[in-house]
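Novice: For reference, the structure I am asking about is given below.
The values are calculated or read from the model by the stated rules, or taken from the named source; none is laboratory data. This is a predicted model, so every value here is computed, not measured. Every residue, glycine as well, gets a Cβ built from its backbone with ideal geometry; the counts of neighbours run over all protein chains shown. In case anyone asks, the SASA skips ligands and DNA or RNA and just uses the protein heavy atoms, side chains included. Shrake-Rupley method; radii C 1.70, N 1.55, O 1.52, S 1.80 Å.
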Amino acid sequence: MQRSTISRRHFLKSSFLSGAWVLSLNLPMAAQAKTKQPSTTGWSLYVRVHKNNQVTMESPVMEMGQFMRTTGPMMFAEEMDLDWQSITFIRDTRLHLKRDDEGKIDFRYVKANTGGSHSVRWTWEYLRKAGAAARQMLIQEASEKLGVPIEELSTTRNTVVHSKTGRTITYGDLAEGASQRQINESQITLKNKNAFSIIGTDKRNIDLKDIVTGKPLFGIDAEYPNCKQAVIARAPAIGAQIASYDKKAALAVPGVQQVVEMSSQEETHWFNGNVQILAAGIAVVADNLWAAMKGKAALNATWKNTHDAAKENSEERIKKFYDLVTDDSPAERSKDVGNVDEAFSNADFTVERIYEKPLHAHALMEPFNCIADIRDDSATIITGHQNPKAIAEEAEKYAGIDALKVEVISKRMGGGFGRRYERDFVREAILLSKKIAQPVKVTWMREDEIERGMHDPACVARVKAGVKDGKITSWFYRQAQTKAGIQDSCFPEGLFENFRVERCSNETFIPAGPWRGPQHPAWAFANESMIDEIAYKLDKDPLEFRLDLLLPARELPYTNWGATIKDSGRMAICFQEAAKMADWKRKRPKGRGIGIAGHVCHGSYAAFVIEVSVIDERLQLHEAWGAIDCGLAINPNHIRSQMEGGFIDGLNAALFNKVKVEDGKVTNNQFGLLRMGKLEDAPIEVHTTIISNDHEPTGVGEPPTAPAAAALANAIFAASGKRLYRQPFAESFQV
Amino acid sequence: MTIKFKINGRTIDPTNVDMEMPLLWFLRETQKLKGTKFGCGIGQCGACTVHIDGEAVRSCTIPLASLNGKDIRTIEGLAKSDNDLHPVQQAWIEIDTPQCGYCQSGQIMAAAALLAKNKNPTDEEIDKSMTNICRCASYTRIRKAVHQAAKFYEA
Ligand code: FES
Ligand code: FES
């Protein structure tokens, strides 16, 4: 329908369909912070204005609990002057793609994926321009209808107002005429911040009622006509192959129809460039899910492993990392400013520590699932994925279907955290549907999800600091990790005259992928712990010590993904505000203590104070106070929600989250074996201050997580005098 | 073996169904009641929490065979109607508790069972009885929402 009416020449095209005005827009890509992301796209968001002045909207960006389904429409509705209460939101999101001149697939309209705390930044300009364009068309239509000049008209809550005469006319009445109008970009102006009435106000999750009444919102709830159900017995160890299985027994389970071998695949991982192995497996296809599950058990599959990956052992790896960071073997030197060695030899004293962070599981609550219907020359795929474009690309690559002929229906995700950026769970459904020539839904079990994890890398970091005349003069950070990079441009980078970062190379088959703020938690844990330790050594207040490093405020270059500069003043304000809320100077009783840590990533700044007690080796978390600077706050309610959840998620990871790999196999592959933080482990409250300023809005999904481990370790030290260098902390204290 | 039980007030007489099947899958796949969620299948996460004779129970661990004569309530049957939500659901909305939302049916069912017995639980009592996992860590709002629901009950 409206898709075919879009012409690239037109800035905006709208039409009046089935009694409602449908608006599609095609905007040029906005300027944005320098990133490795593709730099061209356009966007569309369908808003339907009904005759009765009610509005239906499709929220274009993927939702995984980061609230973009709410935030995106707020930006649009603000500029269109919509009455927020009048909007009904469509549950699923459809994907619209185009092929660029080089044949590359890209989003046709808005960049609909979510990750890197970037969805607000990717859509901030487009969504507002779209709303403003729609508003302008409505005003033009009203001007003609009322016979008054455009300049005399204003808009509020789905209504155009002529204040001179007090006449009003609703969007519903204007929609049909307005939809015939053409305007160009120069005719639209965006609101001044002071005129905002939706942006900056607390809005609730648009899906709230559907969630609390148990509506089928998630991929796992989706149904599809004539769809088979499949579960896959996956090789539990990395690189393992099928040895034997009892096909007959599986087929004997009532309801089981087919048993299909799925071969393993080795490929280069999109995120970290290392080799990655997708598991071999045996798919059991049945007419219902329970039969498929029983069939899988009946397979009694055994596996053999001749791959080098069979030797992978995470504890041994970590031990080796200690060797790597302490020997002085050549390593990739990513930062080297000043003369670190000379500064060390001139120092009054140096401190050297090693910090360990294990593999973190994603353990998102909704096990993966994907419906694939691969037909002769088209396909339908229904799932929850952070990057729906990748789904169409997979279908093109693995089933030979033109990506533009792949219908992708995106469902709400029961958590993403980076893991739903991976393609494995989509690809296997595509391959299986193609093989059996029927629509099929593949559902993962929890064990699959943890075993086939693309974990946050295990990381060991050595930090050495040199102090002279009460000041840090030299800093050396050396890291070894299971794959992936290093967030070496976050603070304290830029704060010391002499600064060096090294990354030891190391080949491993243990998979890694993005995990809520990839590699930021490891960096923040080591560096923010060390800064704290030195403050204590110098008998300085850890807050004042940090402020001395950060102030006077200065803009420093930022070379990691997601921003180009970092502002030490913005970081300092977060520390100050978090400390103020925590009543930082107040002395806590014996056995209680507070700790502070902060971090910059993805263009946002966050700092937290947490209060804990340690009594008879028992650790208890009490209360936390966090401040975030994410530029202009679009929905304070959900920023607070991310501050609470993101920080506690980080605490839980530091306390408990440790995946263990032995002989290439994850051994703690279920909840219970892998401890997850629960209500009783969470602080009673996380208080949030949102710093208000005029910076463009930046993300909130990841920045609150990274400071958690260091804040907690620093608080534990304050409470107990014991400093923790190894995660998970629950191995050192009773929790 | 023939058994009968009630789901959300409706009598169910399951035929041609594997009696070993856990209630979770019967609800989701046979009854198409998708509000009850699968998280682990071994009773560890609480995503599948329903009420059986008023008690919060993890439905992934309950085989159909054990349900004869039982009264089962799921998230779909918690509210009197879509316009007359249960106090716990109202409180969840008031506090805007969910993040991804996946664990929340189970959290709500656990909270409703707790409040049915204890009209005004303390933080400690809430922490003790609510052991459902939320990876999004919406925990502080869950605690607040339980207190809010207690107030709604009173009113
Ligand atoms: S699915 Fe039942 S407790 Fe996890
Ligand atoms: S809201 Fe996402 S798991 Fe609880």
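Novice: Would you tally the residues in segment B:128-155 being within 16 Å of ligand 2 (Cβ to nearest atom) and more than 20 Å from B:Arg58 (Cβ to Cβ)? Outline the logic, then answer.
Specialist: Residues of segment B:128-155 within 16 Å of ligand 2 (Cβ to nearest atom): B:130-146.
In the following step, the residues that additionally are more than 20 Å from B:Arg58 (Cβ to Cβ) were identified as B:137, B:140-141, B:143-145.
So the count comes out to 6.
Novice: Residue under question is B:Leu67, and the condition is that it be farther than 26 Å from B:Ile12 by Cα, open to solvent by less than 10 Å² (accessible area, probe 1.4 Å), more than 11 Å from chain A (Cβ to nearest Cβ) and of a type outside the set (S, T, N, Q); does it hold?
Specialist: Spelling it out, it is not the case that B:Leu67 is farther than 26 Å from B:Ile12 by Cα, open to solvent by less than 10 Å² (accessible area, probe 1.4 Å), more than 11 Å from chain A (Cβ to nearest Cβ) and of a type outside the set (S, T, N, Q).
Novice: Further, regarding this structure: Just one of B:Thr49, B:Thr15, B:Thr30 is touching a helix residue (DSSP H, G or I) at 6+ places or on another chain (Cβ under 8 Å), of a type in the set (Ser, Thr, Tyr) and outside the structural domain of B:Gly106 (by TED's automatic domain parsing); which is it?
Specialist: The conditions single out B:Thr49.
Novice: Among all residue pairs at least 6 apart or on different chains, which show Cβ distances below 7 Å where the first residue, located in segment A:238-262, is in contact (Cβ under 8 Å) with a residue 24 or more places away in the chain and the second is open to solvent by 70 Å² or more (accessible area, probe 1.4 Å) and charged (D, E, K, R)?
Specialist: Filtered contacts from segment A:238-262: A:Ala240/A:Lys304; A:Gln241/A:Lys304; A:Ile242/A:Glu261; A:Ala243/A:Lys304; A:Gly255/A:Asp287; A:Gln257/A:Asp287; A:Val259/A:Lys247; A:Val260/A:Lys435.
Novice: Regarding segment B:50-64, can at least one residue be identified that is within 9 Å of ligand 1 (Cβ to nearest atom), more than 17 Å from B:Ala113 (Cα to Cα), without any contact (Cβ under 8 Å) to a residue 60 or more places away in the chain and within 11 Å of chain A (Cβ to nearest Cβ)?
Specialist: yes
Novice: Turning to a different aspect of this structure: Could you say whether any residue in segment A:314-327 is of a type in the set (Phe, Trp, Tyr) and surrounded by fewer than 17 Cβ atoms within 10 Å (Cβ to Cβ)?
Specialist: Filtering segment A:314-327 down to residues of a type in the set (Phe, Trp, Tyr) leaves A:321-322.
Filter once more, keeping what is surrounded by fewer than 17 Cβ atoms within 10 Å (Cβ to Cβ): A:322.
Yes, that holds for at least one residue.
Novice: Conditions first: (1) more than 16 Å from ligand 2 (Cβ to nearest atom); (2) surrounded by fewer than 21 Cβ atoms within 10 Å (Cβ to Cβ). B:Ala112 passes all but one, so which condition is the exception?
Specialist: (2)
Novice: Here's something else I'd like to know. Among the strands (runs of 3 or more DSSP E) confined wholly to segment A:71-134, which include 2 or more residues that are open to solvent by less than 20 Å² (accessible area, probe 1.4 Å)?
Specialist: The strands (runs of 3 or more DSSP E) meeting that bar are A:105-107.
Novice: Checking A:Phe349 against (1) of a type outside the set (Gly, Ala, Ser); (2) away from ligand 1 (no atom under 16 Å from the Cβ); (3) open to solvent by less than 20 Å² (accessible area, probe 1.4 Å), which test does it fail?
Specialist: All conditions are met except number (3).
Novice: Considering only strands (runs of 3 or more DSSP E) fully contained in segment A:153-217, which possess at least 3 residues that are more than 30 Å from B:Lys37 (Cβ to Cβ) and within 14 Å of chain B (Cβ to nearest Cβ)?
Specialist: Details: elements: A:153-156, A:159-162, A:167-170.
Qualifying strands (runs of 3 or more DSSP E): none found.
Novice: Tell me the residue from A:Arg420, A:Arg427 that is in the same structural domain as A:Lys296 (by TED's automatic domain parsing), modelled with pLDDT of 95 or more, within 16 Å of ligand 2 (Cβ to nearest atom) and not in a loop (DSSP other than H, G, I, E, B), please.
Specialist: One residue alone meets the criteria, A:Arg420.
Novice: Next question, about the same structure. Regarding B:Ile42, is this residue away from chain A (no Cβ under 13 Å), over 13 Å from the mean Cα position of the chain (by Cα) and within 16 Å of ligand 1 (Cβ to nearest atom)?
Specialist: So B:Ile42 fails the test.
Novice: Inside segment A:679-699, can you point out the residues that are closer than 25 Å to A:Pro518 by Cα and more than 12 Å from chain B (Cβ to nearest Cβ)?
Specialist: Result: A:Thr689, A:Ile690, A:Ile691, A:His695, A:Glu696, A:Pro697, A:Thr698, A:Gly699.
Novice: Hey, among A:Ala624, A:Ala597, A:Ala653, A:Ala607, which residue is under 18 Å from the mean Cα position of the chain (by Cα) and open to solvent by less than 10 Å² (accessible area, probe 1.4 Å)?
Specialist: A:Ala653
Novice: From the list B:Thr61, B:Thr2, exactly one residue is farther than 23 Å from A:Ile211 by Cβ and touching a Gly at 6+ places or on another chain (Cβ under 6 Å). Which is it?
Specialist: That would be B:Thr61, the only listed residue that is farther than 23 Å from A:Ile211 by Cβ and touching a Gly at 6+ places or on another chain (Cβ under 6 Å).
Novice: Still on this structure, please answer the following. Across segment A:243-263, what is the total count of residues that are away from chain B (no Cβ under 14 Å) and open to solvent by less than 40 Å² (accessible area, probe 1.4 Å)?
Specialist: 5
Novice: Let me ask you something else. Answer yes or no: is there a residue in segment B:78-93 that is within 16 Å of ligand 2 (Cβ to nearest atom) and open to solvent by 40 Å² or more (accessible area, probe 1.4 Å).
Specialist: So far as segment B:78-93 goes, no, none of its residues is within 16 Å of ligand 2 (Cβ to nearest atom) and open to solvent by 40 Å² or more (accessible area, probe 1.4 Å).
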